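Below is one structure. I have some questions about it.
Laboratory data are not the source of any read-out in this text; all were calculated from the coordinates shown. Just so it is clear, the structure is predicted and the values come from calculations on it, not from any experiment. Note: ideal-geometry Cβ built from the backbone for every residue, glycine included; neighbour counts use all protein chains shown.
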Amino acid sequence: MNYCSHCGHSVSLRVPEGDHLARFICTACDLIHYENPKIIVGCVPDYDGHILLCRRAIEPRLGYWTIPAGFMENGETLAHGAARECLEEAGAAVKVGSLLAVVNVVHAHQVHVMFRAHLPEPHFAAGAESLEVKLVKPENIPWADMAFPSVEFALRRYLDDRAAEREGHHFADFDRSHWRDRTPT
């Protein structure tokens with residue numbers, strides 16, 4: 001960051017009084033510009049035992065498979081964001097259910113929040129960010145072509161929970177150098 005978004009003057013990187021991390025601070029109006037993690041919301045849409053997957057039409061990971069997910073917008077709840085992303089990316093109106101997984105993606109400054117979702121009707125179509133969308137049986141999930149570790153984590157926990165007839169909450173940390181599942185046992 002070079003300039004203050006409030007007044008347009010230059011900023012300097014320093015630790016504000018009472019803080020412990022360096023922040024960009026405007027040299028004119030003293031506004032502190034905090035940089036916080038972005039929230040990614042998504043869901044695992046299920047229709048009659050099949051999972052709805054999208055093949056990405058955009059970078060990062062163009063051509064790889066994912067569940068419908070994306071950046072949460074201001075003015076929406078986590079669940080509403082997950083439903084909106086499913087509609088935008090897969091043309092599918094889902095009923096968002098319980099919380100499935102929270103994954104801290106430390107190196108990307110993101111928190112991925114995934115839900116279970118029910119697809120009432122098998123109506124879907126590729127949106128602008130998807131090359132294709134399809135319903136997949138669990139045994140046909142293209143694990144080697146998953147776009148992100150957080151998606152693989154959420155899908156595996158979803159299938160484990162479904163097989164055990166439970167709805168657990170699962171937590172993990174990922175930062176390129178290591179992966180740590182923090183799901184309570």
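Using only DSSP helix segments of four residues or longer, with each worth -39500 (n - 2.57), what per-residue ellipticity at 222 nm results for the chain after dividing by its residue count and rounding to 500?
Result for the chain, helices only: -5000 deg cm²/dmol.
Quick query: amide H of residue 57 versus all other amide H atoms, modeled in the peptide plane; which residues come in under 5 Å with a sequence gap of 5 or more or a different chain?
Correct list: 63, 130, 131.
Next up: Magnitude of the Cβ-charge dipole of the chain, K/R +1 and D/E -1, about the Cα centre, nearest 20 debye?
The dipole magnitude comes to about 220 debye.
Which lysines, if any, have their Cα less than 27 Å from the Cα of residue 38, not counting same-chain residues under 8 positions apart?
The reachable lysines, counting only those whose Cα sits under 27 Å from residue 38, are 95.
To continue, here is another question. Only Lys, Arg, Asp and Glu count, each charged at its Cβ (+1, +1, -1, -1), so figure out the dipole size of segment 1-111 about its Cα centre, rounded to 20 debye.
My answer is approximately 220 debye.
Right, here's the next one. Per residue of segment 41-49, what does 6.51 cos²θ - 1.76 cosθ + 1.60 with θ = phi - 60° give for ³J(HN,Hα)? Whole Hz please, x for Gly and Pro, Karplus curve as stated.
Residue by residue, segment 41-49 yields 10, x, 8, 9, x, 10, 10, 6, x Hz.
Can you tell me the 0 to 90 degree angle between the C-alpha axis of helix 149-164 and the longest principal axis of the chain, rounded to 10?
40
Right, something else. Considering all projection directions equally, how large on average is the shadow of the alpha-carbon convex hull of segment 35-185, in square nanometres?
8.8
Below 13 angstrom from the Cβ of residue 61, what's the summed charge of the other residues (Lys, Arg +1; Asp, Glu -1)?
Neighbour charge sum, excluding residue 61 itself: -2.
In a shell of Cβ-Cβ distance under 14 Å around residue 108, excluding residue 108 itself, what net charge do Lys and Arg (+1) and Asp and Glu (-1) give?
Counting the neighbours of residue 108, the net charge comes to -1.
Can you give me the C-alpha center-to-center distance between segment 1-48 and segment 128-180, rounded to a whole angstrom?
So the two Cα centres are separated by 30 Å.
So, one more: If you add up the charges near residue 135, with Lys and Arg at +1 and Asp and Glu at -1, over every other residue whose beta carbon is less than 12 angstrom from its beta carbon, what do you get?
So the environment of residue 135 carries a net charge of -2.
With both bridge residues required to lie in the chain, what share of the DSSP beta bridges run antiparallel, to the nearest 5%?
If I count the DSSP bridges inside the chain, around 65 percent turn out antiparallel.
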